[in-house]
Amino acid sequence: MRAADIWRAGAKRPADSAATGCDAGDDTCGFQPDVSGDGRRALRPQLSRMDRLVPASGSPDQDPGTVSGGRQHASRPGGADGGVGGSVGSGQPARGPDFAKIVPPNGYAWWYVDALSDDGQHGITIIAFIGSVFSPYYALARRNGPADPLNHCVINVAVYAKGSNRWAMTERPSGAVNRTSNLFTVGPSNLSWDGKSLTIRIDEITAPIPRRLRGTVRVVPTAITQRAFTLNASGNHRWWPIAPCARVQVALDQPHLRWQGDGYFDMNRGDAPLESGFSDWQWSRGATRDGAIILYEALRRDGSRVDLAMSFDPHGRMQRFEPPALHAVKHTGWRVGRAVRSEDAPRVLKTLEDAPFYARSVISAKLLDEPVTLMHESLSLDRFGMPIVQAMLPFRMPRSRR
């Protein structure tokens, strides 16, 4: 999130195109109608600098055109260059995440939430997986033939706070999973959508040191976006930034934490393993004075690239912009490469996760002439597939029988 002005909340995949008549580039034909896009909120100054979790900082392709967020069709067909994949719902505005989507064998779906607190002391990320793309057990199952993604479900929670960092990523089989369009339960934890907000109830045991992680997180979007993106030529990897602008309320009992801040909510879906489509990617998002910015860089297996740069206002309206230069920043301790687009030299403010194939960082950059603090992810899928890495993963990603 920015270390300056923030917005405060007020009260508040695809079917077969031939069969449904959906745009071939629209991967989200089945998404349902929208909640209110009311973004009327008061602008207020930041309460304090992000000087604990984040130290105080100093001061897609060749189509930068605007795409309206309020129409029923994309201004151009969705392309494999990471182009807009058409309107969500093929004329029906999206209502919510729809946890009941069918995920094919060897495929995946995940719903991602992150937030940084207003006072800069705390952060959180939550990822709910069907077919966990980082699971060593799912990777092994796929090597033996088509694997059922519902047998590899996880609700991953990472809490970042001074002296209270927690990580939980326990994989569970299909017998521990329950899904409806508005509810996704994995073991003792669940995500539920009430039409206006997402509530995440957490009851997990951390790894590798077992400690209780329990509490509730509520995500309140200012609007639900109406655009989804295909990320490769075959269209079997898709991304929907559901709510680039949201307020997040965290109420944890173990550890005892209470805070709120600006956050983000999206979804990725694929009909094939993630590593079959991509070798690495760099992704980031940040809150701005007027909404949010998202950058999405990915190197496909065929050598082509996804290069997306977009801004969103609190009503969910999107505008593409020409991405600035890509800058490499300092490698992590595991030598994972990190890079981010910025109009000046970016800086790593804090490394939140440092794993053999993955890094999560907070990075200071300049975008659209504005200093922005980014939640940033770096992923090396070549490293993920290495036997030594696969052997290490169970220590942080245990599997439960129920």
Quiz item: For THR170, which sequence-distant residues (separation of 5 or more, or a different chain) have an amide H within less than 5 Å of its own amide H, given hydrogens modelled in the peptide plane?
Solution: ILE155
Exercise. Using amide H atoms built 1.01 Å from N in the peptide plane, name the residues 5+ places from ALA115, or on other chains, whose amide H lies under 5 Å from its own.
Key: ILE124
Quiz item: Using a 1.4 Å probe on the protein chains only, how many percent of the accessible area of the range 252-402 belongs to carbon and sulfur?
Solution: 51 percent
Quiz item: Looking at the range 258-347 from every direction and averaging, what is the projected area of its Cα convex hull in nm²?
Solution: 8.6 nm²
Practice problem: Please give every one of the lysines within straight-line cross-link reach of LYS196, meaning a C-alpha to C-alpha distance under 30 Å, and leave out same-chain neighbours fewer than 8 residues apart. | Solution: LYS12, LYS101
Quiz item: Which lysines does LYS330 reach when only Cα atoms under 22 Å apart count, and residues fewer than 8 places away in its own chain are ignored?
Solution: LYS350, LYS366
Quiz item: Based on the Cβ-Cβ distance of ARG335 and ARG301, what FRET efficiency does E = 1/(1 + (r/R0)^6) give at R0 = 25 Å, to the nearest 0.05?
Solution: 0.70
Self-check item: Sorted largest first, extent of the range 199-258 alpha carbons per principal axis (Å)
Solution: 44, 30, 12
Quiz item: Rounded if a/c is under 1.5, else prolate if a/b beats b/c, else oblate: with a ≥ b ≥ c from the C-alpha gyration tensor eigenvalues square-rooted, which is the range 173-321?
Solution: oblate
Practice problem: Mind ranking LYS162, LYS330, LYS101 by accessible surface for me, highest first, 1.4 Å probe? | Solution: LYS162, LYS330, LYS101
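The values are calculated or read from the model by the stated rules, or taken from the named source; none is laboratory data. Since the model is a prediction, treat every value here as computed from it, not as a measurement. All Cβ positions, even for glycine, are placed from backbone atoms using ideal geometry, and neighbour counts span all protein chains on display. Only protein heavy atoms, including side chains, enter the accessible area calculation; ligands, DNA and RNA are left aside. Shrake-Rupley method; radii C 1.70, N 1.55, O 1.52, S 1.80 Å.
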